[in-house]
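Below you'll find the structure, written out as structure tokens, and then a few comments.
The values are calculated or read from the model by the stated rules, or taken from the named source; none is laboratory data. Keep in mind the model is a prediction, meaning the values are calculated, not measured. So basically every Cβ, Gly included, is an ideal-geometry build from the backbone, and we count neighbours across all protein chains shown.
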Amino acid sequence: MTVLGDIWGALPKEVKFVFAVSVFMYAGSTILQGLVFAWNLFGVNALNAINGCFSGIEKNCIPEQAGIFIFGINFADYWTITALIFFPTLALFAIKWYTITLRHR
């Protein structure tokens, strides 16, 4: 552990920040995928058991969910979470940048 601590201490703060953001995004994606898994395991399978899907009646089966979809966008996807964090940050940076650069003209 001391070797990892020495390596972590030698890293610049920007690298530590990027690492923290990536861990945060992966954790968020993992939590949302866990929610989808729990819904499929308990919710969908319970409804399929009530509907008689496991007894061979295929017309009443509810398919498993692939994610958390709102208006056709899968919010449990890693790249969607990345876009939700990256693009507003990029827009705020652009607004700040142009405010600073165009103020002196």
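Does Ile68 meet the test of being surrounded by 11 or more Cβ atoms within 10 Å (Cβ to Cβ), at pLDDT below 85 and closer than 21 Å to Val21 by Cα? Taking the combined requirement at face value, the residue does not satisfy it. Here is the figure for the range 77-105: residues that are in a helix (DSSP H, G or I) and closer than 18 Å to Ile31 by Cβ total 8. Among the residues examined, Thr89 does not qualify as surrounded by 12 or more Cβ atoms within 10 Å (Cβ to Cβ) and either in contact with a strand residue (DSSP E or B) (Cβ under 9 Å, 6 or more places away or on another chain) or farther than 24 Å from Gly34 by Cβ (or both).
Rundown of residues vs (1) over 18 Å from Ile85 (Cβ atoms); (2) assigned to a helix (DSSP H, G or I); (3) in contact (Cβ under 8 Å) with a residue 40 or more places away in the chain; (4) acidic (Asp, Glu), yes/no style:
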residue	(1), (2), (3), (4)
Val3	yes, yes, no, no
Ile7	yes, yes, no, no
Phe17	no, yes, no, no
Met25	no, yes, yes, no
Thr30	no, yes, no, no
Leu35	yes, yes, yes, no
Ala38	yes, yes, no, no
Gly43	yes, yes, no, no
Asn48	yes, yes, no, no
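Might you check whether a residue that is farther than 22 Å from Ala38 by Cβ and either out of contact with any strand residue (DSSP E or B) (no Cβ under 7 Å at 6 or more places or on another chain) or not in a loop (DSSP other than H, G, I, E, B) (or both) occurs anywhere in the range 65-73? Yes, the range 65-73 has at least one match.
The single condition among (1) part of a loop (DSSP other than H, G, I, E, B); (2) surrounded by 10 or more Cβ atoms within 10 Å (Cβ to Cβ) that Lys59 does not satisfy is (2).
To keep it simple, each residue is scored yes or no on (1) among the hydroxyl-bearing types (Ser, Thr, Tyr); (2) in contact with an Asp or Glu (Cβ under 7 Å, 6 or more places away or on another chain); (3) surrounded by 10 or more Cβ atoms within 10 Å (Cβ to Cβ); (4) under 30 Å from Phe19 (Cβ atoms).
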| position | (1), (2), (3), (4) |
| --- | --- |
| Glu64 | no, no, yes, no |
| Phe75 | no, no, yes, yes |
| Tyr78 | yes, no, yes, yes |
| Leu84 | no, no, yes, yes |
| Ile100 | no, no, no, yes |
